[in-house]
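I have placed the structure first, in the form of structure tokens, so that the comments after it can refer back to it.
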Amino acid sequence: MRLEAFQTLGAVISEGSFAAAATVMNLTPSAVSMQMKHLEQYLGQPLFSRGGLHVQPTAMAHQVMAAMRDGLQQIDALKRRHTVAVEGTVRLGLIESIQPLVLPGTMRALRERHPRVLLKPQRGRSAGLIVDVKAGSLDAAVVAQPERGRVAGLVWYPLLERELVLIAPPHEKSGTARDMLERYDWIRYDRSSMTGAMGARHVRRMMPEKRSTLELDSVTAIVAMVSAGLGVSVLQIVDPSICERYPVRTMRLGASPPTLQLSVVTRKDDADSRLLQAVRDALGIALQRAGSPVAGGR
């Protein structure tokens with residue numbers, strides 16, 4: 001039985017209802033009710049006489065709280081005394097395309113929750129950032145996780161998944177991805193990047209003879225070119241606001257499109273670092289606030 005259940009019991013007794021206790025404990029009324037039900041099952045006796053909006057604690061409920069109150073207070077005091085503020089500097093690498101989506105929100109979340117944590121962002125490509133983390137010149141990085149193989153000494157924390165899509169000029173209202181590649185020049189995303197390599201493989205499967213006429217290393221620049229009607233491209237759009245500035249038609253690449261896994265990578269030796277955990281949590285909060293589903297937990 002979790003200690004929180006006894007704390008919730010104390011709140012119900014002092015507040016007089018599950019709803020009021022829920023507000024005090026920052027829970028839903030149904031969660032409070034479930035905790036009390038489990039506690040009654042654990043003790044083998046009813047703790048409340050239920051009726052209307054308010055509940056009446058039984059003698060057993062008061063006896064349980066009398067037995068637990070001092071212990072709960074001492075545990076809470078010990079917890080506060082030994083809680084150490086998270087502080088320090090984190091050198092965080094980020095691929096360029098994800099910076100607008102997560103960097104402002106991550107900085108904000110850290111200032112709210114861990115004001116003593118200083119974040120030092122560094123821009124780069126996934127391959128280079130992974131090497132820098134392994135070498136110790138970066139503490140962590142948000143990168144495209146390699147499709148195959150593992151890098152010894154590193155740990156990956158899934159953050160966000162993005163499908164690769166074909167983008168076409170905004171006036172194109174019909175037609176397949178193959179139709180668009182036949183009608184327009186292919187603007188290729190940087191072939192040295194994971195996104196570029198994945199996109200090129202998909203294009204070659206659809207049209208083995210297709211050759212690119214232009215290669216760029218900026219997602220924003222490519223979207224702007226496509227929006228102007230100068231070609232089509234296959235890439236991933238991490239920051240949807242780009243397409244608000246430069247409208248394009250976005251097309252899925254089949255039922256099982258190539259998917260890019262964006263992850264936080266750290267060294268195995270730092271897996272238990274509270275400092276890096278705080279940064280990973282802040283990244284997740286930033287994505288949630290931005291309306292993007294987080295791919296995994298910690």
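The values are calculated or read from the model by the stated rules, or taken from the named source; none is laboratory data. Note that the coordinates shown come from a computational prediction; the quantities given were computed from them, not determined experimentally. Heads up, the Cβs are rebuilt from the backbone with ideal geometry, glycines too, and the neighbour counts pull from every protein chain shown.
Residue under question is V264, and the condition is that it be buried (at least 19 other Cβ atoms within 10 Å of the Cβ) and closer than 19 Å to P146 by Cβ; does it hold? For V264, the condition - buried (at least 19 other Cβ atoms within 10 Å of the Cβ) and closer than 19 Å to P146 by Cβ - is met. Taking the range 247-278 as the range and being among the aliphatic types (A, V, I, L, M) and outside any strand (DSSP E or B) as the test, the residues that pass are V248, L253, A255, A271, L275, L276, A278.
Of the residues making up the range 274-296, one or more are more than 19 Å from S126 (Cβ to Cβ), free of Cβ contacts under 8 Å to residues at least 12 places away in the same chain and of a type in the set (G, A, S). In this entry, S233 passes the filter for residues that are under 17 Å from L164 (Cβ atoms) and at pLDDT 95 or above.
Considering A197, A228, A224, the condition of being farther than 25 Å from L103 by Cα and without any contact (Cβ under 8 Å) to a residue 24 or more places away in the chain is satisfied by A197 alone. Checking the range 200-219 against the condition returns no match, with no residue being at pLDDT 95 or above and in a loop (DSSP other than H, G, I, E, B). Looking at S218, S263, S227, just one residue is in contact with a Pro (Cβ under 6 Å, 6 or more places away or on another chain) and closer than 19 Å to R123 by Cα, and that residue is S263. Taking the criterion of being in contact with a strand residue (DSSP E or B) (Cβ under 9 Å, 6 or more places away or on another chain), under 15 Å from S97 (Cβ atoms) and assigned to a loop (DSSP other than H, G, I, E, B), would at least one residue in the range 236-246 satisfy it? Yes - at least one qualifying residue is present in the range 236-246.
Candidates in the range 186-199 are the residues that are among the aliphatic types (A, V, I, L, M) and more than 13 Å from T259 (Cβ to Cβ); of these, the one that is modelled with the highest pLDDT is I187. Annotation note: Cβ proximity below 6 Å between a residue of the range 1-27 that is modelled with pLDDT under 80 and a residue that is among the aromatic types (F, W, Y) and part of a helix (DSSP H, G or I) (sequence gap 6+ or interchain) occurs for M1/Y42.
Taking (1) within 23 Å of P240 (Cβ to Cβ); (2) outside any loop (DSSP other than H, G, I, E, B) in turn, G175 satisfies each apart from (2). Looking across Q99, Q63, one residue alone is under 30 Å from R2 (Cβ atoms), part of a helix (DSSP H, G or I) and not small (G, A, S). It is Q63.
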